[in-house]
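Data block below; observations after.
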Amino acid sequence: MFWIYLIGVMLMPIIALKLFMKYFSGTFLSLIMKLMHSNIETVKTKLFDEAISKIKSNKKNERLEILELGIGTGENFRHFPKGSNVTILDKTDLFLPYLNESIKKNNRNDLNVSKLVVSKAEEMVGIESDSMDLVVHTFILCSVDDYTKVMNQVYRVLKPGGVCIFMEHSIDNENKPRKILQKFIEPLMGDCKFLDMKKVLNSGPYDHLELKKYTVNRSLITFINPVVYGYGSKS
(Lines give C-alpha, C1' and ligand atoms only; values in the text may rest on other atoms or scores of the structure.)
Protein backbone atom coordinates (compact mmCIF):
# COMPACT_ATOMS: atom_id res chain seq x y z
CA MET A 1 0.00 0.00 0.00
CA PHE A 2 2.83 2.37 0.90
CA TRP A 3 4.55 1.80 -2.45
CA ILE A 4 1.36 2.48 -4.37
CA TYR A 5 0.97 5.74 -2.45
CA LEU A 6 4.61 6.68 -3.09
CA ILE A 7 4.38 5.99 -6.83
CA GLY A 8 1.17 8.03 -6.99
CA VAL A 9 2.83 10.98 -5.28
CA MET A 10 5.78 10.78 -7.71
CA LEU A 11 3.54 10.60 -10.77
CA MET A 12 1.23 13.46 -9.81
CA PRO A 13 3.60 16.32 -10.85
CA ILE A 14 4.28 14.63 -14.21
CA ILE A 15 0.57 14.10 -14.89
CA ALA A 16 -0.19 17.68 -13.85
CA LEU A 17 2.52 19.03 -16.16
CA LYS A 18 1.26 16.98 -19.12
CA LEU A 19 -2.31 18.19 -18.56
CA PHE A 20 -1.11 21.77 -18.27
CA MET A 21 0.89 21.54 -21.52
CA LYS A 22 -2.07 19.92 -23.30
CA TYR A 23 -4.68 22.51 -22.37
CA PHE A 24 -2.72 25.68 -21.60
CA SER A 25 0.55 25.38 -23.53
CA GLY A 26 -0.50 27.93 -26.18
CA THR A 27 -1.19 30.66 -23.64
CA PHE A 28 1.83 29.78 -21.52
CA LEU A 29 4.27 29.68 -24.44
CA SER A 30 2.89 32.91 -25.89
CA LEU A 31 3.61 34.69 -22.59
CA ILE A 32 7.16 33.28 -22.49
CA MET A 33 7.81 34.26 -26.10
CA LYS A 34 6.55 37.80 -25.57
CA LEU A 35 8.76 38.14 -22.50
CA MET A 36 11.80 36.85 -24.39
CA HIS A 37 11.27 39.11 -27.39
CA SER A 38 10.63 42.20 -25.25
CA ASN A 39 14.06 41.74 -23.67
CA ILE A 40 15.94 41.53 -26.96
CA GLU A 41 14.06 44.24 -28.86
CA THR A 42 16.96 46.71 -29.11
CA VAL A 43 19.48 44.18 -30.38
CA LYS A 44 16.86 42.68 -32.70
CA THR A 45 16.15 46.06 -34.30
CA LYS A 46 19.85 46.53 -35.05
CA LEU A 47 20.10 42.97 -36.39
CA PHE A 48 17.20 43.39 -38.82
CA ASP A 49 18.49 46.76 -40.05
CA GLU A 50 21.97 45.37 -40.69
CA ALA A 51 20.89 42.09 -42.25
CA ILE A 52 18.23 43.60 -44.52
CA SER A 53 20.82 46.06 -45.85
CA LYS A 54 22.83 43.03 -47.05
CA ILE A 55 20.04 41.63 -49.26
CA LYS A 56 21.12 41.66 -52.92
CA SER A 57 18.35 39.50 -54.39
CA ASN A 58 15.73 42.21 -54.70
CA LYS A 59 15.35 45.07 -57.19
CA LYS A 60 14.72 48.56 -55.84
CA ASN A 61 11.06 49.30 -55.02
CA GLU A 62 10.13 45.62 -55.44
CA ARG A 63 8.24 43.88 -52.62
CA LEU A 64 10.47 41.66 -50.53
CA GLU A 65 9.50 37.99 -50.35
CA ILE A 66 9.81 36.96 -46.68
CA LEU A 67 9.46 33.53 -45.12
CA GLU A 68 9.12 33.28 -41.34
CA LEU A 69 9.61 29.88 -39.72
CA GLY A 70 7.44 29.52 -36.64
CA ILE A 71 5.06 32.44 -36.28
CA GLY A 72 5.15 32.40 -32.47
CA THR A 73 3.26 35.48 -31.34
CA GLY A 74 4.18 37.53 -34.41
CA GLU A 75 6.82 39.55 -32.57
CA ASN A 76 8.99 39.96 -35.67
CA PHE A 77 6.37 41.60 -37.88
CA ARG A 78 7.28 45.10 -36.72
CA HIS A 79 10.75 44.64 -38.23
CA PHE A 80 9.68 43.56 -41.71
CA PRO A 81 10.22 46.11 -44.50
CA LYS A 82 7.12 48.00 -45.57
CA GLY A 83 4.92 46.30 -48.16
CA SER A 84 6.60 42.90 -47.96
CA ASN A 85 4.96 39.66 -49.06
CA VAL A 86 5.06 37.30 -46.07
CA THR A 87 4.83 33.51 -46.08
CA ILE A 88 4.48 31.83 -42.68
CA LEU A 89 5.48 28.24 -42.05
CA ASP A 90 4.73 26.49 -38.77
CA LYS A 91 4.42 22.84 -37.77
CA THR A 92 1.19 23.68 -35.91
CA ASP A 93 -1.67 26.16 -36.24
CA LEU A 94 -1.62 26.69 -32.47
CA PHE A 95 -0.37 30.26 -32.76
CA LEU A 96 -2.42 31.43 -35.75
CA PRO A 97 -4.91 33.36 -33.56
CA TYR A 98 -2.03 35.68 -32.63
CA LEU A 99 -1.38 36.57 -36.29
CA ASN A 100 -4.08 39.20 -36.78
CA GLU A 101 -3.51 40.50 -33.25
CA SER A 102 0.16 41.16 -34.04
CA ILE A 103 -0.59 42.82 -37.39
CA LYS A 104 -3.12 45.12 -35.74
CA LYS A 105 -0.95 45.83 -32.68
CA ASN A 106 2.07 46.77 -34.79
CA ASN A 107 -0.02 48.63 -37.39
CA ARG A 108 1.32 46.43 -40.18
CA ASN A 109 -1.64 46.23 -42.53
CA ASP A 110 0.83 47.06 -45.29
CA LEU A 111 2.19 43.51 -45.07
CA ASN A 112 0.69 41.00 -47.47
CA VAL A 113 0.49 37.65 -45.68
CA SER A 114 0.29 35.66 -48.89
CA LYS A 115 0.55 32.09 -47.61
CA LEU A 116 0.17 30.09 -44.39
CA VAL A 117 1.89 26.70 -44.59
CA VAL A 118 1.39 24.07 -41.87
CA SER A 119 4.47 21.90 -42.33
CA LYS A 120 7.66 20.86 -40.60
CA ALA A 121 10.57 23.18 -41.30
CA GLU A 122 12.59 20.16 -42.44
CA GLU A 123 10.24 19.81 -45.42
CA MET A 124 8.92 23.28 -46.35
CA VAL A 125 6.21 21.73 -48.49
CA GLY A 126 5.00 24.02 -51.28
CA ILE A 127 7.77 26.60 -51.00
CA GLU A 128 9.76 26.91 -54.23
CA SER A 129 13.54 26.95 -54.47
CA ASP A 130 15.17 30.39 -54.95
CA SER A 131 11.93 32.17 -54.06
CA MET A 132 12.70 34.14 -50.87
CA ASP A 133 14.68 37.34 -50.34
CA LEU A 134 14.61 36.91 -46.57
CA VAL A 135 14.04 34.00 -44.21
CA VAL A 136 13.55 34.65 -40.48
CA HIS A 137 13.64 32.22 -37.59
CA THR A 138 13.77 33.09 -33.90
CA PHE A 139 13.90 30.45 -31.14
CA ILE A 140 12.87 27.52 -33.33
CA LEU A 141 16.00 25.45 -34.04
CA CYS A 142 15.82 24.19 -30.46
CA SER A 143 12.59 22.32 -31.18
CA VAL A 144 13.02 20.88 -34.68
CA ASP A 145 13.80 17.23 -35.35
CA ASP A 146 16.79 17.89 -37.63
CA TYR A 147 18.38 21.35 -37.64
CA THR A 148 20.73 20.41 -40.51
CA LYS A 149 17.75 19.67 -42.78
CA VAL A 150 16.10 22.93 -41.70
CA MET A 151 19.14 25.03 -42.57
CA ASN A 152 19.53 23.21 -45.90
CA GLN A 153 15.87 23.96 -46.68
CA VAL A 154 16.38 27.62 -45.77
CA TYR A 155 19.33 27.77 -48.15
CA ARG A 156 17.28 26.07 -50.86
CA VAL A 157 14.41 28.56 -50.74
CA LEU A 158 16.62 31.65 -50.52
CA LYS A 159 17.25 33.50 -53.75
CA PRO A 160 20.90 34.07 -54.65
CA GLY A 161 21.75 37.23 -52.73
CA GLY A 162 19.12 36.43 -50.10
CA VAL A 163 19.63 36.50 -46.33
CA CYS A 164 18.49 34.45 -43.34
CA ILE A 165 18.09 36.23 -39.98
CA PHE A 166 18.17 34.14 -36.81
CA MET A 167 18.11 34.41 -33.02
CA GLU A 168 18.38 31.23 -30.95
CA HIS A 169 18.88 30.45 -27.27
CA SER A 170 21.84 28.20 -26.50
CA ILE A 171 23.39 25.90 -23.95
CA ASP A 172 25.78 27.90 -21.77
CA ASN A 173 29.16 26.16 -21.91
CA GLU A 174 30.84 29.04 -20.06
CA ASN A 175 28.56 29.17 -17.02
CA LYS A 176 28.48 25.76 -15.31
CA PRO A 177 25.61 26.50 -12.83
CA ARG A 178 23.43 27.79 -15.66
CA LYS A 179 24.28 24.79 -17.83
CA ILE A 180 23.26 22.44 -15.00
CA LEU A 181 19.97 24.36 -14.63
CA GLN A 182 19.33 24.16 -18.38
CA LYS A 183 19.85 20.40 -18.40
CA PHE A 184 17.61 20.04 -15.33
CA ILE A 185 14.65 21.92 -16.84
CA GLU A 186 15.07 20.59 -20.39
CA PRO A 187 12.82 17.51 -19.85
CA LEU A 188 10.01 19.86 -18.77
CA MET A 189 10.19 21.96 -21.94
CA GLY A 190 8.52 19.64 -24.42
CA ASP A 191 10.30 19.68 -27.81
CA CYS A 192 12.69 22.44 -26.76
CA LYS A 193 16.34 21.47 -26.29
CA PHE A 194 19.42 23.38 -25.16
CA LEU A 195 21.94 23.06 -27.99
CA ASP A 196 25.31 24.64 -28.72
CA MET A 197 23.83 27.11 -31.22
CA LYS A 198 27.16 28.60 -32.25
CA LYS A 199 28.27 25.15 -33.34
CA VAL A 200 24.87 24.40 -34.92
CA LEU A 201 24.79 27.58 -37.00
CA ASN A 202 28.43 27.29 -38.01
CA SER A 203 27.58 23.88 -39.48
CA GLY A 204 25.02 25.42 -41.85
CA PRO A 205 25.36 25.86 -45.62
CA TYR A 206 25.56 29.68 -45.76
CA ASP A 207 28.20 31.25 -48.00
CA HIS A 208 28.69 34.09 -45.53
CA LEU A 209 27.85 33.98 -41.83
CA GLU A 210 27.76 36.67 -39.13
CA LEU A 211 27.41 35.40 -35.55
CA LYS A 212 27.11 37.36 -32.32
CA LYS A 213 26.15 36.62 -28.72
CA TYR A 214 23.80 38.48 -26.39
CA THR A 215 23.04 38.08 -22.69
CA VAL A 216 19.50 38.71 -21.41
CA ASN A 217 19.52 40.37 -17.97
CA ARG A 218 15.87 39.81 -17.02
CA SER A 219 16.12 37.47 -14.02
CA LEU A 220 13.09 35.33 -14.93
CA ILE A 221 14.56 34.24 -18.26
CA THR A 222 18.34 34.29 -17.77
CA PHE A 223 18.20 30.51 -18.19
CA ILE A 224 17.96 31.07 -21.99
CA ASN A 225 21.43 32.68 -22.09
CA PRO A 226 23.39 33.04 -24.18
CA VAL A 227 21.30 34.14 -27.17
CA VAL A 228 23.19 33.49 -30.41
CA TYR A 229 22.08 35.72 -33.26
CA GLY A 230 23.11 36.99 -36.66
CA TYR A 231 22.51 36.27 -40.33
CA GLY A 232 23.67 34.03 -43.12
CA SER A 233 23.60 34.75 -46.84
CA LYS A 234 23.45 32.83 -50.11
CA SER A 235 25.74 33.89 -52.95
task: Sticking with the crude label model, points 7 Å out along Cα→Cβ, report the distance from N217 to R156 in nm, one decimal please.
output: 4.3 nm
Approximate shape of region 100-222 as ellipsoid semi-axes (Cα gyration tensor, √5λ), whole Å, largest first: 28, 19, 15
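Rounded to the nearest percent, how much of the accessible area of region 106-175 (1.4 Å probe, protein heavy atoms only) is carbon and sulfur?
Summing carbon and sulfur atoms, their accessible area is 43 percent of the total for region 106-175.
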- prompt: At a Förster radius of 30 Å, what calculated FRET efficiency corresponds to the Cβ-Cβ distance of E186 and T148, to the nearest 0.05?
  reply: 0.90
task: Just list whichever of K59/K199; K56/K179; K91/K212; K56/K115; K46/K179; K183/K212 have alpha carbons separated by over 30 Å in the model shown.
output: K59/K199; K56/K179
message: Order 142-155, 68-81 from most to least packed using the mean count of other Cβ atoms within 10 Å.
response: 68-81, 142-155
- request: List the residues whose amide H sits under 5 Å from the amide H of V117, counting only those 5 or more places along or on another chain, with H placed 1.01 Å from N in the peptide plane.
  value: I88, L89, D90
Sequence-distant residues sharing a close amide H with R108 (under 5 Å, placed H): none
field: Backbone HN-Hα couplings from phi across region 184-197 [Karplus 6.51/-1.76/1.60, Hz, Gly and Pro as x]
entry: 5, 8, 3, x, 8, 9, x, 6, 6, 10, 9, 10, 7, 5
- line: Applied in sequence order to region 125-137, the curve 6.51 cos²θ - 1.76 cosθ + 1.60 (Karplus, θ = phi - 60°) yields integer Hz couplings, x standing for Gly and Pro, of 4, x, 10, 6, 5, 6, 10, 10, 7, 9, 10, 10, 9
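The values are calculated or read from the model by the stated rules, or taken from the named source; none is laboratory data. Treat the numbers as computed from the prediction; the structure is a model and nothing was measured. Cβ sites come from the backbone with ideal geometry, for glycine too, and all protein chains shown count toward neighbours. Just the protein is used for accessible areas: all its heavy atoms, side chains included, with ligands, DNA and RNA removed. Shrake-Rupley method; radii C 1.70, N 1.55, O 1.52, S 1.80 Å.
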